[in-house]
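Everything below concerns the one structure shown next.
Just so you know, all these numbers are worked out from the coordinates, no wet-lab data involved. Predicted, not measured: the structure shown is a model, and the values here were computed from it. So basically every Cβ, Gly included, is an ideal-geometry build from the backbone, and we count neighbours across all protein chains shown.
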Amino acid sequence: MKNYFLLLAITFISVSTFAQNDANAKKILDGVSAKLKTFKGINANFSYVSKSRSGKTNSAVNGKILVKGNKYYIQQGKTEIFCDGSKTWNYNGDQEVTVSSVGDDAKTITPQRLLSNFYDKDFTYKLISSAGSFHEIEMTPVDRRKNFQKVNVFVDKAKMMITKARILDKSSNIIEFTLRNINTNATIPDASFVFNKNKYKKNIEVIE
């Protein structure tokens, strides 16, 4: 779950232009980026569904996500991921926490990135549809070594933020991600994004 969620979900960072990108898609994504900079903090629930290429559901989970600037927290069952913008703590829900630097996740889409303007540097993209309540934009990674073929993001027209995403991995499996119950004015203390060993089992192992 860790690898694919990090495939899904953050940093609103450097931008460069690719001539083959769709101008209409860029306008929408730039609007999402500008809107998100006005949010105090994001608190939301999510659903995460993995399907085989034949459409059979392999797994389905629900969880919680908090985002504040370049910080995030993800909780799904007993497992938790904390990121304070510099370090990421992956707690397996039992007796182990793995600590890594944010740079170690550079080849994935972190939760911030799905909510940000990461797109110009890492993807080529085009607008697929603007029917109904969403703009659908197909994004293909520039780096072909990434472990997915493409990402389709769905921008909620009313909220002007990405609330759904669908990923096609290298094996043609599909991962679907949806945000629900979104609060974009949440007050979130910085301590929420740091793993505090004192709140867990005394014999927990921290691996750095």
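Annotations
- Unit charges on C-beta of K, R, D, E only; dipole of region 118-201, Debye: 340
- Taking each residue as 0.36 nm, the span from Lys202 to Ala186 lengthens on full extension beyond its C-alpha to C-alpha distance by 2.6 nm.
- For Gln149, the amide hydrogen comes within under 5 Å of the amide hydrogens of Leu168, Asp169, Lys170, counting only partners 5 or more places away or on other chains and with H modelled in the peptide plane.
- Residue pairs, from the table Lys78/Lys199; Lys68/Lys159; Lys87/Lys150; Lys26/Lys87; Lys71/Lys164, whose Cα atoms sit over 22 Å apart: Lys87/Lys150; Lys26/Lys87
- Modelled label positions at Asn24 and Val194, each set 7 Å beyond Cα in the direction of Cβ, lie 4.7 nm from each other.
- Sequence-distant aspartates and glutamates (8 or more away, or on other chains) whose Cα lies within less than 18 Å of Lys37: Asp84, Asp120, Asp156, Asp190
- Counting only residues at least eight positions apart within a chain, or on another chain, the aspartates and glutamates with an alpha carbon under 16 Å from that of Lys64 are Glu80, Glu176.
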